[in-house]
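As structure tokens, the structure follows; a few thoughts come after it.
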Amino acid sequence: MGSRVTFVKKEFFHILRDKRTMLILIIMPIVEIILFGFAISVEIQGINIAVVTSDMGETVRKIEEKIDANPYFKIAGTFYSQDEALKMMRVGKIDMILRFPSGLDRKILSSNHERKSVLSASPVRIIVDASNPNTAVTEQMYLKNVLMSCFSGEGAVAAYGITSGISFETSAVTPEETVRGTSAVASSGTASGMIGGTPAGTSGVASIGHEGNVVPDIRLMYNPGMQSSYNFVPGIMGMIMIIICAMMTSVSIVREKENGTMEVLLVSPVKPLTVIISKMIPYFVISSINLAVILLLAKFVLAVPLSGSLFWTCAISMVYIILSLALGMLISTLVKTQAAAMLSSAMLLLLPVIMLSGMIFPIESEPHFFQWISMTVPARWYISAMRKLMVEGQQLSAVLPELGILSGMAVLLISVALFNLKSRLE
Amino acid sequence: MGENAIEVRNLTKRFGDFTAVDHISFTVGKGEIFGFLGANGAGKSTAMKILCGLSLPTEGEGTVAGYDILKETESIKKSIGYMSQRFSLYDDLTVAENIRLYAGIYGVSDKEISPRTDKVLANLDFTAEKNTMVGSLPLGWKQKLAFSVAVFHHPKIVFLDEPTGGVDPVTRRQFWEMIYKTADKGITVFVTTHYMDEAEYCDRVSIMVDGRIEALGSPSALKSGFGANNMDDVFQKLARKAERG
Amino acid sequence: MLKYLIEKEFKQFFRNSFLPRLIIVFPIMIMLVMPWVATLDIRGVNVTVADSDRSTLSSRLIEKINASEYFSVRRVTLSYADALEDVDDGLSDLVLDIPSGYADSLGRGKSCKILVAVNAVNGTKGYLGGNYMAGILSGTGAGVDVSVLNMYNPTLNYRQFMIPAFLAVLIMMLCGFLPALNIVSEKEKGTIEQINVTPVGKFQFIFAKLIPYWLIGFVVLAICFLLGWLVYGYLPAGSFIVILAGTFVFILGISSIGLIISNYSQSMQQSMLVMFFFILIFNLMSGLFTPVRSMPGWAQTIAACIPPKYFIEILRGVYQRGCGFSDLGIQFAALTIFAVFFGLSAVLTYRKRA
């Protein structure tokens, strides 16, 4: 026991003396959690639209005004030729082109008499930069919604809707709906406004109900404001902690080998388990400080509710920290050089953790084979547990499977690291 | 600069409020073997790093091979060879590759490198190890190789920082033979050591205590001056005054 | 002099037991696995429908939703509260509440509100799932004569968006992490001391360090390009020369950043931690996974200052939109400025004296 205490002390001093590394270890996660918490978002904003029309009529002008008033769109310019607009799209200056047929005003007037669709003959065309298919689909839906609200909102154009059987109602969000749907939203115009296509409370609702139409009313549960920080904080925590912890311990054994101090260990009566534990303890302390800071930031800066049990949030996080430190130890027993240790823990782990943990890309959308692979990624289970505890406010019972899996993985990793170290020492 | 290989006046180096080197002045003549002695932490290596242009002095001035140690460090580097206390050749290059690299850096012509390498290796009895990775050589051999690399380009001055640390007596002996041969070629040798028997081999020695030079002269002059039988006694008498250790 | 230094760097690189394998195996692994995983196509979102209407029209709507590739209806309950339980239990991601009188309202030409409750804890899924659902519901009433043309990626294949990005990430990581270890490892081993007493020029030393990364970068580029072609049948729409030029300039910038960090670090661990800090920022803020224009203004400013953003834009531009040099002027200008700035900084921050 005495030797264990001395050993832990030695490791502590070793780490504390290196002030610069300590500083990096403490500050880095703080900066990143704040940075990414605010910056990462899958919401689509600032969509630049070019309007192409051969004659700028009253209708087009009104539609432009309406689009520009929408917080998600910006009119980047009006062009007479489509080619010109396409050039802009090619260099990435605009995301969408909205092309109107010529003589729109006249057609609308006449169609009011004939009760025929204005646009069926020469339709409005949306050209969208589909380089990113995900944003492309969402963008065109937004734009369609805005367009429909224009057409149904203006008496002149409303006729169009009637003739086409059931009118397209764009779910321009009424204040009433905001109350009903997303009552918890403090700032209107985020969740429901976004999905509806027009900010809450704008007009265009007046004409609701020419004929039966369906108004989708989206309620976002657990995360009513659709604040990205909510969703990504557990993910960022899971990613940063596993990699930083692994980076800390991955050099520990291999560095002793490179510096030749491993021989001292070899001849000393210290048990392999003592070596592993004493190397993990100082980093565990640093990581726990990090965890505390991250949770405080999550609560007070990023406004994550942290509605579940704080005790279990911390407990599971600590299991995860131990697991990550053990992963680093395992790497350290496997590789020959410090460089290989660092590269393995930082570079090789990074992409799988980002991609297979469900942090950004939903696991359910992946092919089955990769869903199985993702089950071996500890971050997946941790992030899932943290989402339940920190955001949904669920009870311990809901995260028991995750806790069990993470504990199992931690024990497994420590055992394998121990086995490797033993076979190396003996 | 005239006749002297090294001249320094009031050389001082401070790290914060710690004075590692405290106003030292000395000269080293051309072709001389100059022993730079001192206990661990006396400031030898710091002083040597200043002379080699690895570090700038806080105060003082001087020249090495005729170049100013404040302004012409890169010119100094062209005229000197250096062997570090810690073995610092590339472990993952072979013996010949290490020689080739440094010869190339010092501007030895491509044609000349190969025959000269063979000659050096033959002198060292190293020919069989030409293509051995340096990392797998025993320490004594590494040190000899490091020395050969340091003088390969025929510098005016060679700096040796504890070249015989940790090597066996036989190798130490061989090492000093190599140093003598080098000096015979007219290369000035500036060597630090804490083996006092080695001090006897030097033309002149200085002894540093707590960052200052406490004694300077030929071994015989120092022995008689301090009334000692050998250099070890001289050193013991001076070292007792040391406050830091 | 430069020749000998470059020779040395290459010998050291190839003798390493880990690095040569790393630059071959790592890109292959990533290119074979990640494009399958990287998809924001939301498929198989589980829906529980609370149908209080129980009419032909409501059944038709449920069928329509179930028929969509995005959604699968898990079950239909009678009450909204029952349906919500499915979400709480994690069985369902989305609840659709069809009110009684749905068919009636529609029949009488009135609008009818349908509540869509989305579990938004998984941000991506909640956000997109809600959007898709809104699309389908709105579509129920739509006879919209708006035609949509999907430029550059008509099949809306997400892989086409991500493959150029992975190419950029791999070059960024390998040509960023490796130099970050390089100089500091010479410091730890002590070999830098021997170099520093030689008259070797700062510029030559740094340049010799950079050259191997160019080669590594082009090897990685070749591997990714070939795999993109052979495995995914995906070739750039534009000229490969543009990609080569972009890669050439980008590597100079990113490797210089690695060397600068290496110059300032005292240990390999420090160097890697700092480089990791930057690589993570590069990964998450360069528009790689989430669009830069979705970020708040200050974050967009940060994004504008990071080289990989422009490199990714070049790769995606060439691969997807067939851009040439003239279309990518800004990106090339930015990368060149970064390359010169960081390259010079790498030389200036390398200190031969302590």
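Looking for whichever is closer than 19 Å to B:TYR106 by Cβ, out of contact with any Asp or Glu (no Cβ under 8 Å at 6 or more places or on another chain) and surrounded by fewer than 22 Cβ atoms within 10 Å (Cβ to Cβ) here; the options are B:GLU3, B:GLU72. Which one fits? Of the residues listed, the single one that is closer than 19 Å to B:TYR106 by Cβ, out of contact with any Asp or Glu (no Cβ under 8 Å at 6 or more places or on another chain) and surrounded by fewer than 22 Cβ atoms within 10 Å (Cβ to Cβ) is B:GLU72.
For (1) farther than 18 Å from C:TYR213 by Cβ; (2) more than 17 Å from the chain's Cα centre (by Cα); (3) facing chain B (nearest Cβ under 10 Å), each residue gets a yes or a no:
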position: C:PHE10; (1), (2), (3): no, yes, no
position: C:PHE26; (1), (2), (3): no, no, no
position: C:MET31; (1), (2), (3): yes, no, no
position: C:ALA38; (1), (2), (3): yes, no, no
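When region B:39-96 is filtered for residues that are assigned to a loop (DSSP other than H, G, I, E, B) and charged (D, E, K, R), the ones remaining, listed by number, are B:LYS71, B:GLU72, B:ARG86, B:ASP91, B:ASP92. Do any residues in region A:78-105 that are within 11 Å of A:VAL51 (Cα to Cα) have Cβ atoms under 7 Å from those of residues that are at pLDDT 85 or above and of a type in the set (Ser, Thr, Tyr), where the two are at least six apart or on different chains, and which pairs are they? Within 7 Å, the pairs are A:THR78/A:THR53; A:PHE100/A:THR53.
Considering every residue within region C:41-50, establish whether at least one is small (Gly, Ala, Ser), more than 30 Å from C:VAL219 (Cα to Cα) and either within 11 Å of another protein chain (Cβ to nearest Cβ) or surrounded by fewer than 16 Cβ atoms within 10 Å (Cβ to Cβ) (or both).
The answer is yes, given that some residue of region C:41-50 is small (Gly, Ala, Ser), more than 30 Å from C:VAL219 (Cα to Cα) and either within 11 Å of another protein chain (Cβ to nearest Cβ) or surrounded by fewer than 16 Cβ atoms within 10 Å (Cβ to Cβ) (or both).
Could you tell me whether region C:59-68 includes any residue that is part of a loop (DSSP other than H, G, I, E, B) and farther than 25 Å from C:LYS125 by Cβ? There is no residue in region C:59-68 that is part of a loop (DSSP other than H, G, I, E, B) and farther than 25 Å from C:LYS125 by Cβ.
Tell me the residue from B:VAL120, B:VAL95 that is at pLDDT 90 or above and surrounded by 21 or more Cβ atoms within 10 Å (Cβ to Cβ), please.
The match here is B:VAL95.
Applying the condition of being in contact with a Gly (Cβ under 9 Å, 6 or more places away or on another chain) and more than 13 Å from A:LEU35 (Cβ to Cβ) to region C:270-291 and asking which residue is surrounded by the most Cβ atoms within 10 Å (Cβ to Cβ) yields C:SER271. Of everything listed in (1) modelled with pLDDT of 80 or more; (2) part of a helix (DSSP H, G or I); (3) within 14 Å of chain C (Cβ to nearest Cβ), the single unmet condition for A:SER229 is (1).
Can you give me the ranges of the helices (runs of 4 or more DSSP H) entirely in region A:13-98 with at least 1 residues that are within 30 Å of A:MET248 (Cβ to Cβ) and of a type in the set (S, T, N, Q)? In region A:13-98, the matching helices (runs of 4 or more DSSP H) lie at A:19-39.
Scanning region A:376-389 for any residue that is farther than 26 Å from A:PHE300 by Cα and part of a helix (DSSP H, G or I) turns up at least one such residue.
Does region C:118-125 include one or more residues that are aliphatic (A, V, I, L, M), over 30 Å from C:GLN12 (Cα atoms), modelled with pLDDT under 75 and not assigned by TED's automatic domain parsing to the domain that holds C:GLY253?
Yes - at least one qualifying residue is present in region C:118-125.
Each residue in region B:109-136 was checked for being out of contact with any helix residue (DSSP H, G or I) (no Cβ under 7 Å at 6 or more places or on another chain), of a type in the set (A, V, I, L, M, F, W, C) and not in a helix (DSSP H, G or I), and 1 of them qualify.
Of all residues in region C:334-354, those that are more than 25 Å from C:CYS224 (Cβ to Cβ) and either away from every other protein chain (no Cβ under 13 Å) or part of a helix (DSSP H, G or I) (or both) total 10. If I ask for residues that are closer than 30 Å to A:SER332 by Cβ and surrounded by fewer than 14 Cβ atoms within 10 Å (Cβ to Cβ), which ones from region A:387-410 would you list? Of everything in region A:387-410, those that are closer than 30 Å to A:SER332 by Cβ and surrounded by fewer than 14 Cβ atoms within 10 Å (Cβ to Cβ) turn out to be A:PRO401, A:GLY404, A:GLY408.
Scanning region B:137-147 for residues that are in a loop (DSSP other than H, G, I, E, B) and within 20 Å of B:GLY81 (Cβ to Cβ) turns up just one, B:LEU137. Looking at B:ILE24, B:ILE69, B:ILE105, B:ILE50 in this structure, which one is facing another protein chain (nearest Cβ under 10 Å), touching a residue at least 24 places away in the same chain (Cβ under 8 Å) and closer than 21 Å to B:ILE157 by Cβ? Testing whether each residue is facing another protein chain (nearest Cβ under 10 Å), touching a residue at least 24 places away in the same chain (Cβ under 8 Å) and closer than 21 Å to B:ILE157 by Cβ leaves just B:ILE50. Condition first: at the interface with chain A (Cβ under 8 Å from one of its Cβ atoms) and among the polar types (S, T, N, Q). Now tell me which residues in region C:283-325 satisfy that. Within region C:283-325, C:ASN283, C:THR290, C:SER294, C:GLN320 meet the criteria. You will find that of C:ILE223, C:ILE206, C:ILE211, C:ILE241, the residue that is more than 30 Å from B:GLU72 (Cα to Cα), assigned to a helix (DSSP H, G or I) and touching a residue at least 40 places away in the same chain (Cβ under 8 Å) is C:ILE223 and no other. Beta carbons closer than 8 Å, at least 6 apart along the sequence or on distinct chains, never pair a first residue in region A:27-45 that is closer than 25 Å to A:VAL137 by Cβ and within 8 Å of another protein chain (Cβ to nearest Cβ) with a second that is surrounded by fewer than 18 Cβ atoms within 10 Å (Cβ to Cβ) and among the polar types (S, T, N, Q).
Residues of region A:46-96 that are of a type in the set (Lys, Arg) and either within 28 Å of the chain's Cα centre (by Cα) or under 15 Å from C:ARG293 (Cβ atoms) (or both): A:LYS74, A:ARG90, A:LYS93.
Residue-by-condition table, conditions (1) part of a helix (DSSP H, G or I); (2) free of Cβ contacts under 8 Å to residues at least 12 places away in the same chain; (3) surrounded by 18 or more Cβ atoms within 10 Å (Cβ to Cβ):
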| residue | (1), (2), (3) |
| --- | --- |
| A:MET239 | yes, no, yes |
| A:CYS245 | yes, no, yes |
| A:GLU263 | yes, yes, no |
| A:PRO269 | no, no, no |
| A:TYR283 | yes, no, yes |
| A:ILE286 | yes, no, yes |
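Screening region C:12-24 for residues that are in a helix (DSSP H, G or I) and at the interface with another protein chain (Cβ under 8 Å from one of its Cβ atoms) and picking the one that is farthest from A:HIS368 (Cα to Cα) gives C:GLN12.
The values are calculated or read from the model by the stated rules, or taken from the named source; none is laboratory data. Treat the numbers as computed from the prediction; the structure is a model and nothing was measured. Here Cβ is always computed from backbone atoms with ideal geometry, including for glycine, and neighbour counts include all displayed protein chains.
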